[in-house]
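*Asks:* For reference, the structure I am asking about is given below.
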Amino acid sequence: MSPFSRFAIYFAEVAKSGSLRKAAEKLHVSASAINRQILQAEAAFGTPLFERLPEGLRMTTAGELLYDNILRWQREFRITRQRFDDILGLKRGHVSIGMIQALNEGCMADALANIASAHSGLSLDLTVGDSLTISQRIRQSEIDFGLILDPQGQGGLEVVAFTELEMGVVMLPDHPLQHREVLSPAELSGERHILPGEPLVVHERVRSLYRYHNFAPENAIVCNDIRLIKSLIKQGGSVCVLSLLDVLEEVKHRQLSFVPLKGKHIRPLTLALCIAPSRQLSRAAQMAIKEMAAAIENMAAGGIHAVN
């Protein structure tokens with residue numbers, strides 16, 4: 001049940017997207033129905049809420065004031081629902097979680113499935129996105145907590161649990177180098193390389209590594225999708241520098257091999273469970289955080305030796 005009017009829901013979505021069409025697609029209603037609600041509200045308030053521009057709708061000062069109030073009301077209502085859930089214990093509750101795409105299978109996904117199975121009255125709102133988007137949603141209290149990469153340097157986050165994941169070379173299981181314990185970048189000069197593209201988190205790290213070693217592989221393939229990179233490695237025998245997190249499941253099932261990279265300028269990625277420092281969390285959210293933190297700790301304890 002939502003205490004918010006149809007207008008408030010429509011208005012907030014248009015304010016967020018800046019477009020009637022995008023809001024209509026998100027809400028699965030017609031753009032004309034949304035526009036009609038906004039026009040009626042503007043007539044009732046006696047002031048425009050949006051400027052109609054060729055590139056879309058932009059909030060007026062009155063619109064920004066109303067949008068800020070609606071966001072505040074929504075946050076306060078979520079807190080109220082959390083308190084209702086606390087009164088009822090964990091028989092029911094709602095938890096909103098954000099996570100990066102690399103976690104959509106494996107031990108983190110298993111932990112979420114276990115939470116859902118053990119607490120049938122619990123509703124879960126799961127959002128998959130990039131680390132920056134998830135971080136912003138944590139700070140704005142739009143979600144209870146999130147699982148992101150490399151939270152260092154991002155203000156407004158509290159790290160509850162974390163693990164460091166090695167960077168390494170991903171290759172086919174029958175590749176001549178796959179039995180090595182470690183590799184250095186210099187040993188990869190004769191290989192066909194796939195380079196992670198933007199906006200992947202590993203992109204800048206790999207680019208800096210290659211630049212430091214003055215290494216520019218010929219006939220490189222640049223790709224910004226981890227799933228496609230893994231498919232290309234399986235089909236074509238190329239190699240790619242990625243984090244262990246990116247290929248954990250494939251290594252476990254012997255579909256790919258991962259050899260850690262060692263060197264002065266090679267830093268691991270940090271997978272972190274983060275919350276907003278001032279966020280009041282429900283008992284249900286606290287329970288979910290505890291179980292997800294345990295899964296992160298298990299990942300850290302397993303490491304590469306558990307999958308090679």
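*Asks:* Only one of (1) assigned to a loop (DSSP other than H, G, I, E, B); (2) surrounded by 13 or more Cβ atoms within 10 Å (Cβ to Cβ); (3) not charged (D, E, K, R) fails for THR133. Which number is that?
*Replies:* All conditions pass for THR133, except number (1).
*Asks:* Quick check: is even one residue across the stretch 82-98 closer than 21 Å to PRO3 by Cβ, out of contact with any Leu (no Cβ under 6 Å at 6 or more places or on another chain), among the hydroxyl-bearing types (Ser, Thr, Tyr) and in a helix (DSSP H, G or I)?
*Replies:* no
*Asks:* Got a sec? Which of ALA220, ALA186 is surrounded by 13 or more Cβ atoms within 10 Å (Cβ to Cβ), of a type in the set (A, V, I, L, M), in contact (Cβ under 8 Å) with a residue 24 or more places away in the chain and more than 24 Å from ASP130 (Cα to Cα)?
*Replies:* Selected residue: ALA220, the only one of ALA220, ALA186 that is surrounded by 13 or more Cβ atoms within 10 Å (Cβ to Cβ), of a type in the set (A, V, I, L, M), in contact (Cβ under 8 Å) with a residue 24 or more places away in the chain and more than 24 Å from ASP130 (Cα to Cα).
*Asks:* What are the residues in the stretch 223-253 that are under 20 Å from the mean Cα position of the chain (by Cα) and of a type in the set (A, V, I, L, M, F, W, C), if any?
*Replies:* CYS223, ILE226, LEU228, ILE229, LEU242, LEU244, LEU245, VAL247, LEU248
*Asks:* Which count do you get for residues in the stretch 240-269 that are free of Cβ contacts under 8 Å to residues at least 12 places away in the same chain and within 18 Å of ARG227 (Cβ to Cβ)?
*Replies:* Result for the stretch 240-269: 1.
*Asks:* If you don't mind, there's one more thing I want to ask. Are any residues in the stretch 187-222 in a helix (DSSP H, G or I) and out of contact with any Gly (no Cβ under 9 Å at 6 or more places or on another chain), and if so, which ones?
*Replies:* Result: GLU187, LEU188, VAL201, VAL202, GLU204, ARG205, VAL206, ARG207, SER208, TYR210, ARG211.
*Asks:* May I ask you to say which residue of VAL159, VAL169 is modelled with pLDDT of 90 or more and crowded, with 17+ Cβ neighbours inside 10 Å?
*Replies:* VAL169
*Asks:* Every residue in the stretch 30-81 that is modelled with pLDDT of 90 or more, in a loop (DSSP other than H, G, I, E, B) and of a type outside the set (Gly, Ala, Ser), please.
*Replies:* Correct list: THR47, PRO48, LEU49, THR60.
*Asks:* If I filter the stretch 121-128 for residues that are at pLDDT below 90, closer than 15 Å to ALA284 by Cβ and surrounded by fewer than 14 Cβ atoms within 10 Å (Cβ to Cβ), do I get at least one hit?
*Replies:* Yes, the stretch 121-128 contains at least one residue that is at pLDDT below 90, closer than 15 Å to ALA284 by Cβ and surrounded by fewer than 14 Cβ atoms within 10 Å (Cβ to Cβ).
*Asks:* Looking only at the stretch 192-200, decide whether some residue is within 24 Å of ALA111 (Cα to Cα) and either modelled with pLDDT under 85 or over 19 Å from the mean Cα position of the chain (by Cα) (or both).
*Replies:* Within the stretch 192-200, none of the residues are within 24 Å of ALA111 (Cα to Cα) and either modelled with pLDDT under 85 or over 19 Å from the mean Cα position of the chain (by Cα) (or both).
*Asks:* Still on this structure, please answer the following. Which residue pairs have Cβ atoms under 6 Å apart, sit 6 or more places apart or on different chains, and have a first residue in the stretch 44-65 that is without any contact (Cβ under 8 Å) to a residue 12 or more places away in the chain and a second that is surrounded by fewer than 15 Cβ atoms within 10 Å (Cβ to Cβ) and part of a strand (DSSP E or B)?
*Replies:* Going by the 6 Å Cβ cut-off, the qualifying pairs are GLU51/ARG58.
The values are calculated or read from the model by the stated rules, or taken from the named source; none is laboratory data. In this text, all values refer to a predicted model and were calculated from it rather than measured experimentally. Note that we place each Cβ from the backbone using ideal geometry, even for glycine, and neighbour counts take in every protein chain shown.
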